[in-house]
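Inspection log for the structure reproduced underneath, given as structure tokens.
Quick note: the coordinates plus some simple rules give every number you see, no bench work behind them. Computed from a prediction, not measured in an experiment: that's the story for all the values here. Quick reminder, even Gly has a Cβ in these numbers, built from the backbone with ideal geometry, and neighbours come from all protein chains shown.
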Amino acid sequence: MAVSDLYSEIILEHYKEPHNVGELDCPEVFAKGYNESCGDDIKIYAQIKNGKVEEIKFKGKGCAISQSSASMMTDLMYGKTIDEAKEFIKQFTKKITGEEDFPSDSDEWFELSALKGVIKFPVRVKCASLSWHTLLQGIKEFENKNELKQ
Ligand code: ZN
């Protein structure tokens, strides 16, 4: 399979016009991620209100896979509770590493399944997972901070 086959139309659309690009002032969740094998980097910002993701933005540089995955991921995180977000990250990780299949009958997974071409390329799996792992890291730090406050 040629590398060009990885870049389906959905991926290219998100790469050319990524959703939720920007920064947030005083974000409750913030994390930076870097993918050494490809040079992708990403910053994720999120506001949490009433235990839910009220707003989420990202800024990044890198390959189409990493940036389009961040665009799709942030779209899908709106309105999720912290637990739902963590579960979604876990589910995505299982799918992108080939441990489980992408659901074929789910709206939520429809665009994400465009990424499944990367499964055979471990280096590309890192690109696709970068924003998800970065958000998880930010959520964990957010939870630790909140525990300390109590
Ligand atoms: Zn990459």
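Data overview
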| item | result |
| --- | --- |
| Protection proxy ranking, peptides 126-135, 111-120, 11-20, average beta carbon neighbours within 10 Å, highest first | 126-135, 111-120, 11-20 |
| Beta bridges per DSSP with both ends in region 3-149, % antiparallel, nearest 5 | 95 percent |
| Whole-percent pair-distance distribution, where bins are 5 Å wide, for the alpha carbons of the chain | 2, 10, 20, 24, 21, 13, 6, 3, 1, 0, 0 |
| In region 34-80, GluC sites (Glu not before Pro) in a DSSP loop with at most 10 other beta-carbon atoms within 10 Å | GLU36 |
| For ALA31, distant residues with modelled amide H under 5 Å away | ILE44 |
| Approximate spin-label separation ILE10-GLU36, in nm, with each point projected 7 Å along Cα-to-Cβ | 3.2 nm |
| Alpha-carbon centroids, region 26-46 and region 84-123: separation in whole Å | 20 Å |
| GNM flexibility winner over the chain from PHE58, PHE88, PHE121 (Cα, springs under 10 Å) | PHE121 |
